[in-house]
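The next block holds one structure in the form of structure tokens; read it before the comments.
The values are calculated or read from the model by the stated rules, or taken from the named source; none is laboratory data. What you see is a predicted model; the values in this text were computed from it and never measured. Backbone-built Cβ (ideal geometry, glycine too); neighbour counts: all protein chains shown. In case anyone asks, the SASA skips ligands and DNA or RNA and just uses the protein heavy atoms, side chains included. Shrake-Rupley method; radii C 1.70, N 1.55, O 1.52, S 1.80 Å.
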Amino acid sequence: MASQKRHSRLLQLSLVVLSVVVVVSNTLSQQIPSGYSSVVVKLTPQDSVIQLPHQFLLSGSESVFLDSTRQLLRSQEYVVDHRTGRIVLYRSALSGLIADSLQHTILVVYRALPYAFKTEYALRKKVEIQDSIAIETPAPTPPGPFLGEFLGSDLQKSGFLARGFSLGSNRDLSLSSGFRMQLSGNLARDVGIVAALTDERTPIQPEGTTQTLREVDKVFVEVQAPAYSATVGDFHLNLDSKKGGEFGRLSRKLQGASGSLLFGRSMSVSPFATLTATAATQRGKFHTNQYQGVEGSQGPYQLTGRNGERRIVIVAGSERVYLNGELMTRGETNDYTIDYASGELFFTSRRLITSASRITVDFEYADREFTRNLLAGGGTLSLASDNVRLNALMLQEADDPDSPVEATLDDAARTALRNSGADRFQASFPGARFVGKDSAGIARGQYAVRDTLVNGKRYTMYVYAPGDSLALYSVSFSPVDRMPPDSLGYLRVGIGHFRVAGVGQGNYLPLQFLPMPQLHRVFDLNGTAELGSDLSLTGEYAISLFDRNRLSNLDDVDQRGSALKIGLQFRPRNVVLAGLPLGNVDLSLSERFVDRRFVSLDRYNEVEFNRQW
């Protein structure tokens, strides 16, 4: 009888303890915050390792409870491996808390990243099969969905892998390889990805004969979500008038990273604030060429750099060609074609060129002087139910003076650049080099030196005379955008052939210019306010800083300017005057002031601005 009472009391005590554990567990589970996971494990006397169902735990997010009542101390009573999701209990530290005769539980509350990786990935798996004589031999299995297991099954994947070799009678054996892969789809819920990956590089420029370019070396990864987006690799940054206003517009082909954050009242409505940031390396410099058409000539029309350079490479797809103010379309069956390597523009038979044709080309070109970087940051703010919109933008293009591409800047060259300010002629050295004669007495040069008097002033003149016994000089000529009035200028006749044009004439000089690293910065603030259903006010203010020589601290280097624009638009609808319906009315008034020292990063005037009244 006493034994039965004792067992009854033990049973009642066990039920009470069990109910307390359940109540405490329920209480803790109710207090578990959103996004956290919880696991309850029964602990036996031999257990010291707990394997959680998740991997990649967030550091410091886990909490471990003994019997759901006492929280254990990290690094003193247990240790956790966040990578594998494994918890190791220190039994020696818990010896006074854990009794072998009682059943204990461990409650773990934690946060983990939503990743599930296998411990082993393989393109092919080894399978043992038996042949007719019962000998086991390995047989490869067909490749499984490796990328689908690693990145998810909701991705569309395509690409190629190529290996090859070249061998000839006059060349050694060379190996070549190429890999290219495209991805598109969803990484997770509401998170999409578009990517093009490659390990091949080619110096071949795309052909400018089609409307759509196929750039074989373009590499990028783009991730998009409702609240953010990011792009890494090769991308096109395009800031139109809605984002950059009139003075902060920009169109560049870049290589780097760009991202944006959207802040809204909720994810179901439009964001009321946007932050963007871009850090990238530019492929080239922006420039504009204007030509007067030649009667009956469809081309070529040679594109040149800012200082008249002809040896430039046009960035593929960066050009915008206008004919008489109308934007043209690239392609053999459209309006024009372009050779990006030589910088030559041709018009098709659809656009006949006459002497009255006005040709304008905006483009980017690589001059191979310095590595040029671009930094951009901006923000958009909407107020009063989107009736007031503000945009702020900061842009900076800068040459890295410590990263010349083809030029070699020694101490003497850097000293000359520091002392030259913004004057290119001060940062130059003579292009004539004495080469003399060879061992057979034959002149090595192409130019002979002669002296001449013009208006009583003595000038040194270089005459093209290859093969002449007096051709002792090799001369390099450089194009100039303006010819000094007291300099003897030259004209280009052919490759390596230049002739004298006269004092203050021509567009070439026997000089070698040192490349000047530049910095260009623009800050733009623009906004729109809806004053009523039919009345709106717009305003914009921009500041520019153009440093023409980053290595010089002279006063004539920096050029600062500003620009201001304000406009008012009145657009009533269904206007009725004295009983007469007038329909829709649109009245606009704008005023603009641009400082002559203001320098924009891109075009802000219309192509035919000087012809419009």
Ranked by how many other beta carbons lie within 10 Å on average, peptides 88-98, 402-412, 490-500 from highest: 490-500, 88-98, 402-412
- prompt: Which ³J(HN,Hα) values, rounded to whole Hz and listed in residue order, are derived for the stretch 112-122 from phi using the Karplus coefficients 6.51, -1.76 and 1.60 in 6.51 cos²θ - 1.76 cosθ + 1.60 with θ = phi - 60°, glycine and proline given as x?
  reply: 9, 6, x, 10, 9, 9, 6, 6, 8, 10, 8
field: Modelled FRET efficiency - R0 56 Å, residue 469 with residue 165, Cβ distances, 0.05 increments
entry: 0.60
task: Report the charge-dipole magnitude of the stretch 230-320 in Debye, nearest 20, computed about the Cα centre from +1 at each Lys and Arg Cβ and -1 at each Asp and Glu Cβ.
output: 200 debye
- request: List the residues of the stretch 49-80 whose backbone N lies under 19 Å from a point placed 7 Å from the Cα of residue 97 along the Cα-to-Cβ direction.
  value: 49-52, 60-80
statement: Judged on accessible area alone, 1.4 Å probe, highest first, 602, 67 line up as 67, 602
query: Which aspartates and glutamates have a Cα less than 12 Å from the Cα of residue 437, not counting those fewer than 8 places away in the same chain?
result: 468
query: So for the stretch 466-563, what are the equivalent ellipsoid semi-axes in whole Å, largest first, each being the square root of 5 times an eigenvalue of the Cα gyration tensor?
result: 49, 17, 12
message: Solvent-accessible area of residue 82, probe 1.4 Å, all protein chains present, reported in Å² to the nearest ten, please.
response: 50 Å²
- request: Would you mind checking which residues have amide H under 5 Å from residue 428's amide H? H placed 1.01 Å from N; only 5 or more apart, or other chain.
  value: 514
field: Mean-position separation - Cα centroids, the stretch 553-612 and the stretch 489-510, in angstrom
entry: 43 Å
Per principal axis, descending, Cα span of the stretch 303-457 in whole Å: 84, 47, 38
- prompt: Can you give the net charge of the other residues whose Cβ lies under 13 Å from the Cβ of residue 334, counting K and R as +1 and D and E as -1?
  reply: 0
- request: Add +1 for every Lys or Arg and -1 for every Asp or Glu among the other residues with Cβ under 10 Å from the Cβ of residue 55, and state the total.
  value: +1
message: I'd like to know how the stretch 249-337 sits against the 2.2 N^0.38 Å rule of thumb: what's its Cα Rg over that expected value?
response: 1.60
message: Let me check I've understood the local charge: for residue 534, count other residues with C-beta under 13 angstrom from its C-beta, Lys and Arg +1, Asp and Glu -1. What total comes out?
response: 0
Burial order of peptide ranges 307-316, 223-232 (average beta-carbon count within 10 Å, highest first): 307-316, 223-232
task: Could you look at the stretch 371-509 and say what percent of its accessible area is carbon and sulfur, using a 1.4 Å probe and all protein chains?
output: 49 percent
message: Report the gain in length on full extension from residue 70 to residue 84: 0.36 nm times residue separation, minus Cα-Cα distance, nm rounded to one decimal.
response: 2.6 nm
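Which pairs in the list 242/285; 157/285; 285/457; 218/565; 218/243; 253/565 are over 32 Å apart, alpha-carbon to alpha-carbon?
157/285; 285/457; 218/565
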statement: Treating only Lys and Arg (+1) and Asp and Glu (-1) as charged, each at its beta carbon, one finds that the stretch 380-516 has a dipole about its Cα centre, in Debye to the nearest 20, of 700 debye
